[in-house]
Amino acid sequence: MTPAGLSRRTFLRAGVSGGAALVIGFRFSADLGAQGPQERKAPNPFDAWIRMDKEGEVTLIVAKSEMGQGVLTSMAMILAEELDVEWPSVRVEQAPTQPTVYDHGTGGSGSVRTSWLPLRQAGAAARAMLVQAAAAAWQVNANTCRTEKGTVVHGPRLKRLPYRDLVAAASRLPVPDLKTVSLKNPAEFVVVGESLARTDIPSKVDGSARYGLDVRVPGMLFAVVARCPVFGGRPAKFDPARALAVPGVRRVVEIPPVAQGAHSAGGVAVVADNTWAAMQGREALKIEWNLGPHAAESSSALLKKCEELSQLPGKIVRNDGDALAALAGAGRKLEAVYQLPFQAHATMEPMNCTVDIRADRAEAWVPSQGPQWALDVIAKIGELKPEAVTVHTTLMGGGFGRRYQADFVVEAAQVSKAVGAPIHLVWTREDDIQHDFYRPAAYHRLSAALDGEGRPRAWMHRLVSTSISDFWHPDQARPEESEIGGAVNLPYAFPSVRVEFSPAPTGVPVAWWRSVEHSINGFVTESFLDEVAAAAKVDPLELRRRLLAEPRQIRLPPDNESVLNTSRLKAVVELAAARAGWTQPLPPGRGRGLACHFSFDTYVAEVAEVSVDQDGGVRVHRVVCAVDCGRAVNPDGVRAQMESAIVYGLSAALKGGITIAEGRVQQNNFYDFEVLRINEMPVVEVHIVPSREAPTGAGEPGLPPIAAAVGNAIFAATGKRIRRLPIQPADLA
């Protein structure tokens with residue numbers, strides 16, 4: 001089934017003529033169901049399909065990647081609900097990577113958020129067609145019919161026709177206007193809102209699930225790449241003889257860097273009969289490196305530069321009132337500096353992929369959040385037309401934004417083209433930690449003004465950060481684009497708010513890490529607000545209540561479609577505090593901290609309970625999370641996402657951190673870039689706000705508040721303020 005190049009109506013006619021299935025194509029984009037000029041203009045008529053066969057089995061074909069977040073289950077649940085079929089009758093099929101047909105790309109906590117309405121409309125259209133087919137068979141008005149668990153029902157005698165008996169007739173009917181099709185009353189939902197087991201779990205339990213590392217194809221060779229330890233460095237010369245002497249090593253090839261788009265570092269690839277031989281061959285290689293222009297870069301030098309920049313005015317990105325005047329005339333002024341290091345993604349499944357480039361075609365198996373990008377780079381390296389490239393999206397052992405990049409695909413494609421064979425390229429854990437695209441390092445200088453009665457009057461926030469936009473698009477005028485979210489839309493009602501941004505130069509590659517800048521700004525703003533509360537001698541919960549008391553809608557920056565509703569934020573704050581027993585006494589030695597944040601259209605508040613031992617060791621005992629993500633399609637999935645974000649954020653807050661010396665990463669593996677162990681995991685309670693609003697993001701919003709909640713709890717327990725991450729015993733001893 002390859003409808004590329006067909007118009008919407010042509011494709012639907014093709015479905016009819018086959019007579020074997022009812023097929024509905026639909027868009028996830030805003031012009032859902034567009035007719036006329038848009039239909040003729042668009043090269044890709046569909047983003048996804050629903051297919052119902054004569055046995056009544058429903059298949060949802062989607063291009064979103066499953067990386068453990070349960071997205072394929074949630075999307076299928078939406079379809080089952082609106083189509084009105086029993087849950088077990090729906091299956092999901094991973095779409096082939098065809099950019100002319102599907103909307104690929106999984107990130108930004110957007111899969112359920114963006115598919116909610118289109119999936120409902122498509123399911124409702126299919127249901128309407130089945131009803132109409134039944135009404136025609138019974139020669140009754142369709143309005144007198146209804147559906148029930150995959151069956152059309154009519155009349156007092158309850159005549160019934162199962163969907164499977166109506167598929168052929170329904171497929172010959174015109175598709176209703178998807179914009180006006182009648183949707184199910186949410187009060188009648190029976191699938192959406194239920195906690196259902198994820199459909200991808202059984203195969204992961206019995207071992208049949210296929211990840212990128214499991215791919216094997218005939219004639220496949222294995223490769224690893226030696227990369228310059230200094231960012232921007234290249235091989236000056238190398239001797240392949242010792243590597244080629246390793247049993248099983250077939251070839252040693254140099255691969256050039258790719259500066260545009262994929263940003264692959266290049267290096268020397270060792271190709272062998274198996275991964276172990278390739279690794280041994282790489283160990284044996286003799287390479288002299290040209291270290292390039294960043295050999296002197298270090299975290300300490302970057303910190304010094306950031307400190308200097310923070311003393312200077314930056315680009316003003318928000319300016320309400322006159323914060324400078326308010327600070328100058330303040331009865332009391334607070335100032336603080338917060339620091340955060342680079343962070344690696346550290347996916348549990350190391351980076352890998354398999355690429356087979358031939359003279360006239362290519363095929364690849366890629367654990368990717370952006371398979372369309374993978375296809376593009378393979379086509380470019382293979383000098384092929386995109387339609388000659390087939391990319392299979394495999395399951396992923398974690399993504400967190402890392403697998404949106406295509407550097408590892410570039411490498412595999414380069415090697416495959418060089419040796420003329422399918423190449424299974426594998427990164428070791430050390431490769432991944434030392435050659436990631438890191439969360440930016442950041443330095444924040446904040447000030448607040450209090451009046452004589454301790455009331456907050458002004459908030460000043462100067463962000464200095466290595467810039468994702470500067471790295472990927474150095475010529476664009478908005479280096480702050482991926483750095484200010486969560487700071488520029490500060491929700492609290494300060495009379496004056498000023499936010500400035502300055503980019504810090506670096507040769508370290510940076511990109512999107514789970515929750516992007518919100519992971520940084522959530523920690524900074526919620527920690528400093530706790531400082532304001534302490535200075536004002538106001539309970540942190542009470543201060544948030546006061547500053548969120550006036551219902552407001554905040555839309556900043558102007559071109560951001562997200563709207564922050566302060567009432568919904570206040571509601572999650574109060575829910576988390578209530579469930580955590582905010583006013584209840586704690587055991588001796590423990591402290592309780594609160595933080596909240598809005599990101600990806602979702603509101604989250606978290607309360608952490610911690611203790612600190614005499615050596616400065618921090619133990620997080622309990623985290624209570626309240627989340628308003630609109631209607632929770634699969635509540636168990638939402639809880640899992642919150643828990644996952646909390647443990648990921650705790651790892652970064654308590655243990656993580658990438659430092660640079662002599663232009664290279666100092667960490668290697670999980671022994672010195674640690675993640676939270678299972679025995680260190682706190683009890684996590686997740687409370688979901690009942691809502692009739694459309695679903696919003698769930699994968700990332702649980703992360704931004706956790707570091708601040710822990711830091712604020714440490715202050716409550718010890719009186720010591722956490723202003724840099726990861727939390728270090730030296731700051732608490």
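One table, with the values for the structure above:
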quantity: Checking TYR671 against (1) under 20 Å from GLY649 (Cβ atoms); (2) more than 23 Å from the chain's Cα centre (by Cα); (3) of a type in the set (Phe, Trp, Tyr), the condition it does not meet; calculated: (1)
quantity: Number of the condition not met by GLU308 [criteria: (1) at pLDDT 95 or above; (2) open to solvent by less than 30 Å² (accessible area, probe 1.4 Å); (3) out of contact with any His (no Cβ under 9 Å at 6 or more places or on another chain)]; calculated: (2)
quantity: Qualifying residue in region 393-410 (condition: closer than 17 Å to GLN98 by Cβ, open to solvent by 10 Å² or more (accessible area, probe 1.4 Å) and of a type in the set (S, T, N, Q)); calculated: yes
quantity: Flag if THR354 is modelled with pLDDT of 95 or more, of a type in the set (Val, Ile, Thr), farther than 30 Å from SER299 by Cα and open to solvent by less than 10 Å² (accessible area, probe 1.4 Å); calculated: yes
quantity: Among residues of region 236-272, those that are open to solvent by less than 10 Å² (accessible area, probe 1.4 Å) and within 30 Å of SER469 (Cβ to Cβ), counted; calculated: 5
quantity: Residues of region 708-725 satisfying the condition of being closer than 25 Å to SER447 by Cβ and open to solvent by 10 Å² or more (accessible area, probe 1.4 Å); calculated: PHE715, ALA716, THR718, GLY719, LYS720, ARG721, ARG723, ARG724, LEU725
quantity: Counted residues, region 64-83 - those being more than 26 Å from ALA388 (Cα to Cα) and part of a loop (DSSP other than H, G, I, E, B); calculated: 4
quantity: Counted residues, region 282-305 - those being of a type in the set (D, E, K, R) and open to solvent by less than 80 Å² (accessible area, probe 1.4 Å); calculated: 2
quantity: Selection within region 625-653 - surrounded by fewer than 24 Cβ atoms within 10 Å (Cβ to Cβ) and either aliphatic (A, V, I, L, M) or modelled with pLDDT under 95 (or both); calculated: ALA640, VAL647
quantity: Selection from region 504-517 of residues that are in contact with a strand residue (DSSP E or B) (Cβ under 7 Å, 6 or more places away or on another chain) and closer than 12 Å to ALA442 by Cβ; calculated: ALA504, THR506, VAL510, TRP513
quantity: Residue in region 490-498 that is touching a residue at least 40 places away in the same chain (Cβ under 8 Å), under 30 Å from GLY699 (Cβ atoms) and open to solvent by 10 Å² or more (accessible area, probe 1.4 Å) present; calculated: yes
quantity: Residue list for region 656-693, filter: closer than 30 Å to VAL573 by Cα, open to solvent by 50 Å² or more (accessible area, probe 1.4 Å) and outside any strand (DSSP E or B); calculated: ARG677, ILE678, ASN679, GLU680, MET681, PRO690, ARG692, GLU693
quantity: Unique residue being in contact with a Cys (Cβ under 7 Å, 6 or more places away or on another chain) and aliphatic (A, V, I, L, M) when the list is VAL538, VAL532, VAL563, VAL573; calculated: VAL573
quantity: Meets criteria (farther than 19 Å from SER519 by Cα, out of contact with any Pro (no Cβ under 9 Å at 6 or more places or on another chain) and not basic (Lys, Arg)) for ALA698; calculated: no
quantity: Strands (runs of 3 or more DSSP E) fully within region 370-458 counting 2 or more residues that are more than 30 Å from GLY656 (Cα to Cα) and in contact with a strand residue (DSSP E or B) (Cβ under 9 Å, 6 or more places away or on another chain); calculated: 389-393, 442-450
quantity: Pairs where the first residue, in region 360-378, is more than 16 Å from GLY261 (Cβ to Cβ) and the second is among the acidic types (Asp, Glu), C-beta under 8 Å, 6+ apart; calculated: ALA362/ASP356; GLU363/ASP356; ALA364/ASP356; PRO367/GLU349
quantity: Extreme residue, farthest from SER562 (Cα to Cα), among residues of region 84-133 that are of a type in the set (D, E, K, R) and either in a helix (DSSP H, G or I) or open to solvent by 30 Å² or more (accessible area, probe 1.4 Å) (or both); calculated: GLU86
quantity: Enumerated strands (runs of 3 or more DSSP E) restricted to region 214-302, each holding at least 2 residues that are under 28 Å from THR394 (Cα atoms); calculated: 221-226, 249-255, 267-272
quantity: Helices (runs of 4 or more DSSP H) (entirely within region 512-605) containing at least 2 residues that are surrounded by fewer than 16 Cβ atoms within 10 Å (Cβ to Cβ); calculated: 540-547, 566-580
quantity: Subset of region 472-529 (residues that are at pLDDT 95 or above, among the charged types (D, E, K, R) and over 16 Å from the mean Cα position of the chain (by Cα)); calculated: ARG498, GLU500, GLU526
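The values are calculated or read from the model by the stated rules, or taken from the named source; none is laboratory data. Only a predicted model underlies this, so the values are computations on that prediction, with no experimental measurement involved. For neighbour counting, all protein chains shown are included, and Cβ atoms are generated from backbone atoms with ideal geometry for every residue, glycine included. The accessibility values were calculated without ligands, DNA or RNA, using every heavy atom of the protein model including side chains. Shrake-Rupley method; radii C 1.70, N 1.55, O 1.52, S 1.80 Å.
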